[in-house]
Each structure stands twice: as structure tokens, then as C-alpha cells.
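Visitor: Sharing a structure below in C-alpha cells format, with a few things to ask.
Each value in this text was obtained by applying a stated rule to the coordinates, not by laboratory testing. Because the structure is predicted, anything quoted here is derived from the model rather than measured. Here the Cβ positions follow ideal geometry from the backbone for every residue, glycine too, while neighbour counts run over all protein chains shown.
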Amino acid sequence: SSPPTQALLFALFLALYSLAMAMNGLIIFITWTDPRLSSPMYFFLGHLSFLDVCFITTTIPHMLIHLTVKNHTVSFVACITQMYLVFCVGVAECILLAFMAYDRYVAICHPLSYAQIMSRQVCVSLVSTAWSFGLINGILLEYMSFQNPFCRDSHIENFFCEAPIVISLSCGDPQFSLRVIFADAIVVLLSPMVLIVISYARILASILGRNSSSGRGKTFSTCASHLTVVIFLYTSAMLSYMNPRSTHGPDKDKPFSLLYTIITPMCNPVIYSFRNKEMKGAMVRALGRSSLSQAESV
């Protein structure tokens, strides 16, 4: 890209990164400090925002550096580290979204048993499971990505080290590694998707069986935000990792990569915050306390 284009891209992605960090940081702060947001839904939402902060930090800062310097070389260690973090956080977020769908199912279909089923211990166990699976699965995918030698300088046609592109640059036959990653993507993406579909199918059946139209509208509004996040993340991830590599190219891959690594983490807090009265109220209280503290310090 020309220097003016690089400057424009730098300003754009710096603004997106700053906005995403500020919004996700605010959600983390209010869900972990506001006693009125003590339900499991907000517990999961706080961890989702933390995953989004980690996800977006693995890609954008490195990209911003390359937009300001002439040397666009990425070291082997830096590429390995970035790929592992993307694997780990991405897988953990997919699983966490499935647990959030299950949480909504229990809250809507079994409201009297909700507190008992989704206890604090259960919520902590579910979040720990998402993180553990992401950490372990990341090791497997990392090994499959770098089992073949890299015996020459390689040109990565993307803004970060994405697994299928890096694997195709190895000197050996990449087909086995690509098949393993494809199979892993099926398990990681489709298994949570099945849980999400089942949860929302039962939620829909429960909603349609109710007589109160106001109750239906509130429930639809609560679930719509989660479904929007799921559609954004899963669609872009599937198009990146579950398509035949012969149909891919730099111009086709980068929009999907951009969507699930940058746009989705930035949209999550907007989707959840502006569709939720409790979240908006908690944000107003948090900003009010901040303004009061500043006034007292002055």
C-alpha cells in the first residue's frame, strides 16, 4: 500500500482498537464490580469481553506496527506465538458462547431451578472448561501447523499469521495438516453450534407456548443479542477454516479474518450494551461514580 493508504489504515484500525478496548474494558469493570449484575448471564458476559480484549490484542497491535515501519518481517517465534493465542482465545470464545446459550435456555425454560442449576460453582467450572479446552486445543493445532519444515523465506498474504496460510508455505506436503485442522474446526465450531441450536429451539418452543406478548418480546430481545454475536463469529470462522483451500485467496480470506478477529470483538459490547437496560443502567452508574470521584479530587 502507498504511504497515504497506510496512514489512513493506521488511523482507522487504531480507532477501532481503542474503541473496542474501551467498551470491552467498561463491560469487564461493571460486570465484575456492580453487585446488581451478579447473575450468571453477566458473569459470562464479563468473561466474553475479556476474551474479546485478548483476541483483538493478538492481531491489531502487530498490524499497527507494520503499518508504521518499512520492515514487514515477522519472526518465526512471533508467528508461532500469535497463532497459538488466536487458536486458544478463538476456541475458548466459541465454547463460551455455547455455554451462554445453555444459560439462556435454563433461565427461560427452567426459571424456578435457574439459581440451583447455574450456581456460582457451575459457572466457574464452565468458564474454566472453555479456557482449558482452548489452551489444550491450541497446542494440538500449533503442532499440526508447524510439523513440516520451513526452509525458505515466506510471504504471508494477510495481516496476521493465520494457520491455513502459514501451513501452505511449508516445504513438505501440507495436506495432512490442513485436513486435521479442518476436522478440528468441525468439532470446535459445529459441536457448540449444535448445543446453541438445541438451546434456542427449546427456548423458541417455550416462548411460543406463552400467552403474554410482553414476555415474548422481552425474551426475544434478550436472546437476539446473543444470536447476533453467534452468527458473526461462527459464520466468519467457518468460511475461514471449513472451506476448501482451493477456493481461497488473499482477497477472499482477509475479509473473513477481519470479521472474526476484529469486527466481532468490537461489536460484542455494542450488541449487548445497547439492547440491555440493566447494562445501560450499570454503565450510567459507573460513569457517574467516575465523574463524582474526579469532582471530589478537584
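Visitor: Using 0.36 nm per residue, how much length does the chain from GLN116 to LEU169 gain when fully extended, once their Cα-Cα distance is taken away?
Guide: Working: separation 53, 0.36 × 53 = 19.08 nm, distance 5.14 nm.
Stretched fully, the GLN116-LEU169 segment lengthens by 13.9 nm.
Visitor: If I take the Cα coordinates of segment 136-208 and project them onto the principal axes, what are the three extents in Å, biggest first?
Guide: Principal extents (Cα only, largest first): 60, 23, 20 Å.
Visitor: What is the mean projected area of the alpha carbon convex hull for segment 1-90, to one decimal in square nanometres?
Guide: 6.8
Visitor: First select every other residue whose beta carbon is under 11 angstrom from the beta carbon of VAL86; then total the charges, Lys and Arg +1, Asp and Glu -1.
Guide: That sum, taken over residues with Cβ under 11 Å, equals -3.
Visitor: Further, regarding this structure: Express the C-alpha Rg of segment 92-162 as a ratio against the empirical globular expectation 2.2 N^0.38 Å, rounded to two decimals.
Guide: On the way: Rg = 19.1 Å, N = 71, 2.2 N^0.38 = 11.1 Å.
My calculation over the Cα atoms of segment 92-162 gives 1.72.
Visitor: Right, next: Largest first and in whole Å, give the semi-axes of segment 45-116's equivalent ellipsoid, each being the square root of 5 times a Cα gyration tensor eigenvalue.
Guide: Working through the eigenvalues yields semi-axes of 38, 11, 7 Å.
Visitor: Quick one: if you stick a label point 7 Å off each Cα along the C-beta vector at PHE176 and ALA22, how many nm between them?
Guide: With each label point 7 Å from Cα toward Cβ, the separation is 5.1 nm.
Visitor: Counting pairs of Cα atoms in segment 1-41, how many percent are more than 15 Å apart?
Guide: Summing the P(r) of segment 1-41 above 15 Å gives 58 percent of all pairs.
Visitor: Under 16 Å from a point 7 Å along the Cα-to-Cβ line of VAL194: which residues of segment 77-113 have their amide N that close?
Guide: 95, 98-99, 102
Visitor: Could you state the orientation-averaged shadow area of the convex hull built on the Cα atoms of segment 23-72, in nm² to one decimal?
Guide: 3.7
Visitor: Given 37 °C and 0.692 mPa s, compute D for segment 35-163 with the Stokes-Einstein relation, Rh being the Kirkwood radius over Cα pairs; round to the nearest whole µm²/s.
Guide: Taking Rh from Cα pairs, D becomes 195 µm²/s.
Visitor: Separate question: Multiplying the sequence separation of ALA201 and TRP32 by 0.36 nm and subtracting their Cα-Cα distance, what value in nm do you get?
Guide: 57.8 nm
Visitor: Expected output is a single nm value to one decimal: the length gained when fully extending between THR5 and GLU278, i.e. 0.36 nm times separation in residues minus the C-alpha distance. What is it?
Guide: 94.2 nm
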